[in-house]
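S.K.: Below: one structure in structure tokens.
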Amino acid sequence: MLKAQVEEVFNEPGCSTNRGKTDKQRKAGCSKPLTPGAAAGGCAFDGAKIALQPITDCIHLVHGPIGCEGNSWDSRHAKSSGPQVFRTGATTDMGDLDVIYGGEKKLYRAIKAAIARFDPPAVFVYQTCVPAMIGDDIVKVCKAASEKLGKPVIPVNAPGFAGSKNLGNKLGGEALLDYVIGTEEPQQTTLCDINILGDYNVAGELWQIEPLLARLGIRILGRITGDARYHDVTVAHRARISMMVCSQALINVARKLQERYGIPFFEGSFYGVTDTSNALRTMARMLVERGAPADLIARTDALIASQEAKVEVKLAAYRERLAGRKVLLYTGGHKSWSVISALQDIGMTVIGTSVRKSTTEDKDRARTLMGDDGQLYESLPPREMYRMLKDGEADIMLSGGRTQFVALKAKTPWLDMNQERHHAYAGYAGMVALVDEIDKAISNPVWAQLRAPAPWEPSLGEGD
């Protein structure tokens with residue numbers, strides 16, 4: 001079953017990279033299977049849990065050794081406006097005897113205990129490498145538990161060795177399509193109901209967008225999966241349109257919602273003034289095409305004009321200090337291009353961006369935005385990254401925590417742009433927050449002190 005599902009996900013018609021492959025290449029998939037036990041932090045299981053854990057009122061139960069849950073538990077700053085159940089670490093903690101005798105009974109007991117203690121609307125059960133290799137059938141166990149305990153128990157069949165984190169994102173999406181979406185009906189619907197796909201409310205970014213949508217009368221019906229409740233996902237099939245924030249993660253969900261329920265989708269970004277405005281305009285136009293009131297477009301244009309005027313006043317103080325400053329962007333996915341647009345809004349220059357985990361469309365957008373002088377990096381070795389920063393080719397690096405020490409060693413300002421960050425950068429308010437953090441990082445007096453000779457070092461032209 002897993003093999004068939006992986007092959008189906010690899011054969012994704014919505015992926016332009018996949019469409020350009022031969023049948024043989026398509027069958028081979030996008031990456032080599034990973035080694036069991038050696039894939040912590042970047043495996044299919046990790047990707048599935050990242051995609052689904054922001055369903056905040058559910059228990060997310062990891063069937064496997066406790067190390068799997070330890071490596072993935074609460075690793076992202078996905079915030080909740082209500083339930084905190086999703087922050088509870090839950091695992092079957094498989095040991096040696098479970099490997100010998102099988103872990104299915106232990107899994108059933110764990111599901112039963114989780115429901116008795118937390119009474120969640122549903123339980124998600126994640127398959128990991130060890131139970132997958134010994135043949136534990138989590139689909140069978142989840143079905144039996146659901147029937148006997150009266151709660152939806154959703155199997156997420158994404159053991160780590162199946163492939164990369166990105167594959168796991170899609171396998172998590174398949175679990176939603178197979179067991180969750182369409183299983184309930186909303187109490188009411190409107191002509192301005194939308195789905196947001198591939199946004200996980202990192203640092204509360206979705207909350208910077210919702211007030212704008214509320215002013216336009218647009219309601220987020222399906223949240224997949226930022227600040228989501230289980231019911232928000234079950235009714236996603238009744239939305240009018242979908243906005244896809246990260247196509248690399250959940251393109252399969254967007255495409256199947258369109259095929260099964262006739263919900264058109266578009267890809268957009270809420271990073272930067274320009275992209276936020278474009279996303280709102282596209283959203284309004286598509287909703288009107290689907291039957292929303294025609295004045296929605298005019299109201300959207302008026303809101304955008306008002307917000308852009310306000311944010312420009314706030315950014316004016318920063319523009320003089322930051323215009324012309326050079327940035328090395330090392331993130332990936334949709335941020336490989338969406339953050340470029342945000343930085344260009346303030347007059348900064350991106351000298352290069354990582355395109356790891358980026359689609360062909362992501363790369364094309366990044367190349368168009370940066371022009372001929374910008375570089376796209378599939379991989380940038382730490383030694384080369386250090387050289388660029390040490391030689392002053394960039395004034396600041398925006399990246400994830402794994403590369404922060406390269407920047408710090410090069411005595412170059414650094415800002416966290418990954419999911420572990422504590423600041424929200426989406427929308428107009430987020431643009432101001434992003435620029436403020438960049439300005440504080442670059443203008444911090446500590447960098448001049450670090451670059452100056454130490455008191456015990458001879459100054460230039462002094463002695464031997």
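The values are calculated or read from the model by the stated rules, or taken from the named source; none is laboratory data. Predicted, not measured: the structure shown is a model, and the values here were computed from it. Cβ sites come from the backbone with ideal geometry, for glycine too, and all protein chains shown count toward neighbours. What goes into the accessible areas is simple: the full protein's heavy atoms, side chains included, and nothing from ligands, DNA or RNA. Shrake-Rupley method; radii C 1.70, N 1.55, O 1.52, S 1.80 Å.
S.K.: Which of the three applies to the stretch 185-288, rounded, prolate or oblate, going by the alpha-carbon gyration tensor with a ≥ b ≥ c and a/c under 1.5 meaning rounded?
M.R.: Judged from the Cα gyration tensor, the stretch 185-288 comes out rounded (a/c under 1.5).
S.K.: Which whole number in µm²/s is D for the stretch 245-336 by Stokes-Einstein, with the Kirkwood Rh taken over Cα pairs at 10 °C and 1.306 mPa s?
M.R.: Diffusion coefficient, whole number: 100 µm²/s.
S.K.: A follow-up question, please. If R0 is 51 Å, what FRET efficiency do you get for ASP23 and GLN449 from their C-beta distance, rounded to 0.05?
M.R.: 0.25
S.K.: Apply the Karplus curve 6.51 cos²θ - 1.76 cosθ + 1.60, θ = phi - 60°, to the phi angles in the stretch 369-380 and return the couplings in whole Hz, x for Gly and Pro.
M.R.: Result, rounded to whole Hz: 5, 7, x, 6, 7, x, 10, 9, 10, 5, 8, 10.
S.K.: Also, quick follow-up: Distance from the Cα centre of the stretch 89-142 to that of the stretch 290-358, in angstrom?
M.R.: Cα centroid of the stretch 89-142 versus Cα centroid of the stretch 290-358: 44 Å apart.
S.K.: Turning to a different aspect of this structure: Calculate the length of the line joining the C-alpha centroid of the stretch 58-80 to that of the stretch 375-416, in whole Å.
M.R.: 30
S.K.: Label the stretch 59-157 by shape, choosing from rounded, prolate and oblate, from the square roots a ≥ b ≥ c of the eigenvalues of the Cα gyration tensor; if a/c is under 1.5 it is rounded, and otherwise prolate applies when a/b is larger than b/c, oblate when it is not.
M.R.: Judged from the Cα gyration tensor, the stretch 59-157 comes out oblate (a/c at least 1.5, b/c at or above a/b).
S.K.: To the nearest 10 Å², what's LEU177's accessible area with a 1.4 Å probe?
M.R.: Spelled out: LEU177, probe radius 1.4 Å, area about 10 Å².
S.K.: Taking a 18 Å limit on the Cα-Cα distance, which of the listed pairs LYS105/LYS143; LYS49/LYS106; LYS49/LYS165; LYS335/LYS363 fall beyond it?
M.R.: LYS49/LYS106
S.K.: Another question, then. For TYR377, enumerate residues with amide H under 5 Å from its amide H, sequence gap 5+ or separate chain, H modeled in the peptide plane.
M.R.: Those lying under 5 Å, H to H, from TYR377 are THR353, SER354, VAL355.
S.K.: Given a 1.4 Å probe and heavy atoms of the protein chains only, how would you sort THR234, THR360, largest accessible area at the top?
M.R.: The ranking, largest first, comes out as THR360, THR234.
S.K.: If one computes the Cα centroid of the stretch 191-209 and of the stretch 257-274, what distance in Å separates the two points?
M.R.: Taking the Cα centre of each part, the stretch 191-209 and the stretch 257-274 sit 11 Å apart.
S.K.: Something else about it: Whenever you get a sec, compute what percent of the accessible area on the stretch 40-143 sits on carbon and sulfur atoms (1.4 Å probe).
M.R.: Of the solvent-accessible surface of the stretch 40-143, carbon and sulfur hold 56 percent.
S.K.: Please report the relative contact order for the stretch 258-339, taking Cα pairs under 8 Å with a sequence separation of at least 6, and give it as a percent rounded to a whole number.
M.R.: Relative contact order for the stretch 258-339 comes out at 31 percent.
S.K.: In terms of the Cα gyration tensor, with a ≥ b ≥ c the square roots of its eigenvalues, is the chain rounded because a/c is under 1.5, prolate because a/b exceeds b/c, or oblate?
M.R.: Note, shape of the chain comes out oblate.
S.K.: Follow-up. Using heavy-atom solvent-accessible surface (probe 1.4 Å) with all chains present, what is the largest-first order of TYR261, TYR330?
M.R.: Descending accessible area places them as TYR261, TYR330.
S.K.: In percent, what relative contact order does the chain have, based on Cα pairs under 8 Å that are 6 or more apart in sequence?
M.R.: Computed value for the chain: 14 percent relative contact order.
S.K.: Taking H as built 1.01 Å from N, whose amide H comes closer than 5 Å to the amide H of ILE154, not counting residues under 5 places away?
M.R.: VAL123, PHE124, VAL125
S.K.: Not counting the cut sites, what is the longest span of the chain without GluC sites (Glu not before Pro) that DSSP labels loop and that have at most 10 other Cβ atoms within 10 Å?
M.R.: 1-377
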